[in-house]
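Structure first, then comments.
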Amino acid sequence: MKNSDKDKRSKSYYWEILVIIFGLALFKFGIDDGFNGSIGYNSKRMMGVHNGYLNALYGFFAVIGGCLSIYSKRKK
């Protein structure tokens with residue numbers, strides 16, 4: 001009986017862990033792209049702002065959201 005509950009709980013965190021991993025990758029690559037130069041030429045050779053820092057912000061929010069989702073599920 002206890003083993004079944006443990007398996008159910010670990011499966012319920014699957015999407016949260018996936019979101020956290022995706023958020024960490026997005027944050028890492030967003031920071032790297034942002035530090036390469038936040039103002040420069042984009043792929044169309046037009047002057048513009050790279051969205052690396054914005055991607056890093058989205059990744060940060062994904063990590064925070066995944067952690068808060070796990071925290072709220074553990075409280076139940």
**Fill in**
By residue number, the members of the stretch 57-73 that are of a type in the set (S, T, N, Q) and either surrounded by 14 or more Cβ atoms within 10 Å (Cβ to Cβ) or within 8 Å of the chain's Cα centre (by Cα) (or both) are 69
**Request:** Looking only at the stretch 24-32, decide whether some residue is among the acidic types (Asp, Glu) and either at pLDDT 65 or above or surrounded by 14 or more Cβ atoms within 10 Å (Cβ to Cβ) (or both).
**Result:** yes
**Message:** So in the stretch 33-56, with the set limited to residues that are surrounded by 11 or more Cβ atoms within 10 Å (Cβ to Cβ) and among the hydrophobic types (A, V, I, L, M, F, W, C), which one is modelled with the highest pLDDT?
**Reply:** 56
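The values are calculated or read from the model by the stated rules, or taken from the named source; none is laboratory data. Please read all numbers here as calculations on a predicted model, not as lab measurements. For neighbour counting, all protein chains shown are included, and Cβ atoms are generated from backbone atoms with ideal geometry for every residue, glycine included.
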